[in-house]
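Trainee: Could you have a look at this structure, given as structure tokens, before my questions?
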């Protein structure tokens, strides 16, 4: 049983996890550390955590379970800073959107090999809003959490992390790290890149001041993810560079093909693309969370 | 005062307009024609209209105001079919997403010139769901309606159409047709094209069966407009081909530039694009309906 939980990197996900566990009846202590003091103060004020730690080492001292929720490229640095404070038997898990990079960086921070007590995880939940102030106690309810076990994985540690997410109402599935990164490049990383690029393109048009006030609901939803944290998404795209680049190349090719069809007035083929897309989305819609 | 309203082309927009006017206290008769008999039957069953007409001419006979709500490339054909049924003084307006093509097609159907009694309009409201079954009585509440007056515009006709939309709770603004088409290519037409192309690209990946079930809320919102009517959007993109092509070209260039930055590990510049996009969206968000 977990008596003490530590959160290193306190934002939307860490804060929502704390609130979800509280809502599920978790009565142990929750300590947290974030380099931004506003996050800790806000979390205390909202009653999300019990204690604001002064460092990662301070946060994890006496913790049974540590949740690392920092931008993915800070994984190695954060692990190096917290490892000296871990007591024997403590489990560490993470919530990063890329899993190959996280496992590589954890190995680097721990003498070249991922420790048995590290469990790589990724909750498929979030909003475009960042920070603990936007955390929600039901953020993970009904959503997937992907665990990507490694070769030295301790099964009891994995079971503890699984139990933590199930207590939050999530459904936990396992996946190979490489498979995870290829899938989420398609469903999440590329769409973020496209949305950022689209909004930035509009913002550089001469008549931009007329454009945005005439945007409707379709625009608002299409661009919602362009309000996500630039720092977090810089890290994710960089950490999953190969998968994202490959898909971005395919997307550019498809748009060039569409441009050719439009220029040549091959409208039946344009229509066919629209029909295939709509049919695919409608077919899979029930499976999208 | 409008005593009889006719809707030619009965779908989400026509049905929602009828319901909105009813909710606002319109007590006149509403007749409607759609080539798909299911639309008329559904509308009667839902109490949205009073009479299903057997043709466009039949629908508009005795109408004071006719609302044309067909896919934009059917404008000329629909106008030709309904004009013989119009009594003197009847106002005709439309709801098409492109305004230069509509005005050109109306002119073609009416002997080369847009008649004074035609008012070109575009309500900035809708959902990805088509058909009168999805119509809503509050669809236009708080949303913009753009009117694009032409050189021969009768001002009383324009005032009637404005009053109709204001009764539905919409805010009416005027705009040059060419300006309208440039703006909505950016806020609406290009995003639809990008969303269709993105979903279609994923649907042709080998591991597509693993991709869609792992999609989350970001994906769902980003791709929502890819569930829109392929026929309607084929018409809009074709009718606004020049504006959409120009922006598609810019978008492809920007994505190629992003691909170059990623390949060259110029991450600060990638980050800068994300930051600009987020700042622009947050800045304009209050203006997006």
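Trainee: Distance in nm between label sites at residue B:87 and residue A:269, each 7 Å beyond Cα in the beta-carbon direction?
Mentor: In this crude label model, residue B:87 to residue A:269 measures out at 5.2 nm.
Trainee: Moving on. Specify whether the C-alpha gyration tensor of region B:181-284 places it in the rounded, prolate or oblate class, a ≥ b ≥ c being the square roots of the eigenvalues: rounded for a/c under 1.5, otherwise prolate if a/b is larger than b/c and oblate if not.
Mentor: It comes out oblate by the Cα gyration axes.
Trainee: Between the helical axis of B:230-239 and the dominant principal axis of chain B, each derived from Cα atoms, what acute angle in degrees is found, rounded to the nearest 10?
Mentor: 90
Trainee: Consider the operator that turns chain A into chain B: which A residue has a Cβ nearest its axis, and what is that gap in Å?
Mentor: A:221, 2
Trainee: Take every DSSP beta bridge with both residues inside the protein assembly as shown and express the antiparallel ones as a percent of the total, to the nearest 5.
Mentor: 10
Trainee: Taking each residue of A:247-259 in turn, how many C-beta atoms of other protein chains fall within 10 Å of its C-beta, and what is the average?
Mentor: Across the residues of A:247-259, the mean count of other-chain Cβ atoms within 10 Å is 6.
Trainee: Cut-off is 10 Å between beta-carbons; in what order do B:33, A:284 appear when sorted fewest neighbours first?
Mentor: Fewest-to-most ranking of B:33, A:284: A:284, B:33.
Trainee: I want to verify a result. In a Gaussian network model of chain A, Cα cutoff 10 Å, which of these has the top mean-square fluctuation: A:18, A:215, A:178?
Mentor: A:215
Trainee: State the extension gain, in nm to one decimal, for the chain segment bounded by residue B:166 and residue B:77, taking 0.36 nm per residue of separation less the distance between their alpha-carbons.
Mentor: Working: separation 89, 0.36 × 89 = 32.04 nm, distance 2.88 nm.
Here the answer is 29.2 nm.
Trainee: Fewest Cβ neighbours within 10 Å first, please rank B:211, B:225 accordingly.
Mentor: Ascending Cβ contact count within 10 Å gives the list B:211, B:225.
Trainee: Continuing with this model, one more query. Partner chain Cβ atoms within 10 Å, averaged over the residues of A:16-22 - can you pull that number for me?
Mentor: Across the residues of A:16-22, the mean count of other-chain Cβ atoms within 10 Å is 0.
Trainee: To continue, here is another question. If you take the square roots of the eigenvalues of the alpha-carbon gyration tensor of the protein assembly as shown and sort them as a ≥ b ≥ c, do you get rounded (a/c under 1.5), prolate (a/b over b/c) or oblate?
Mentor: Note, shape of the protein assembly as shown comes out prolate.
Trainee: Another one. Mean separation of Cα pairs under 8 Å and 6+ residues apart, divided by the residue count of chain A: what relative contact order is that in percent?
Mentor: 17
Trainee: Given label points at 7 Å from Cα along Cα→Cβ, what nm distances, shortest first, separate residue B:154 from the same residue in every other copy?
Mentor: 8.4
Trainee: Run the label-point distances for residue A:249 please: 7 Å along Cα to Cβ, every other copy, nanometres, shortest first.
Mentor: Copy-to-copy label distances at residue A:249, shortest first: 2.6 nm.
Trainee: Using alpha carbons only, how many angstrom separate the centre of region A:132-179 from the centre of region B:40-81?
Mentor: 54
Trainee: Further question: Arrange the following residues from fewest to most other Cβ atoms within 10 Å of their Cβ: A:266, B:281, B:220.
Mentor: Listed from fewest to most nearby Cβ atoms, that is A:266, B:220, B:281.
Trainee: For chain B, what is the mean residue ellipticity at 222 nm derived from helices alone (per DSSP H run of n ≥ 4: -39500 (n - 2.57); sum divided by total residues; nearest 500 deg cm²/dmol)?
Mentor: Estimated from H runs of four or more residues: -14500 deg cm²/dmol.
Trainee: At residue A:104, with labels set 7 Å past Cα in the Cβ direction, how many nm apart are the copies from this one, shortest first?
Mentor: For residue A:104, the inter-copy label distances come out at 5.2 nm.
Trainee: How shielded is A:266-272 by partner chains, expressed as the average number of their Cβ atoms within 10 Å of its Cβ atoms?
Mentor: Going residue by residue through A:266-272 and averaging, the value is 4.
Taken together, the values in this text are just the output of simple stated rules run on the coordinates, not laboratory data. This is a predicted model, so every value here is computed, not measured. Cβ sites come from the backbone with ideal geometry, for glycine too, and all protein chains shown count toward neighbours.
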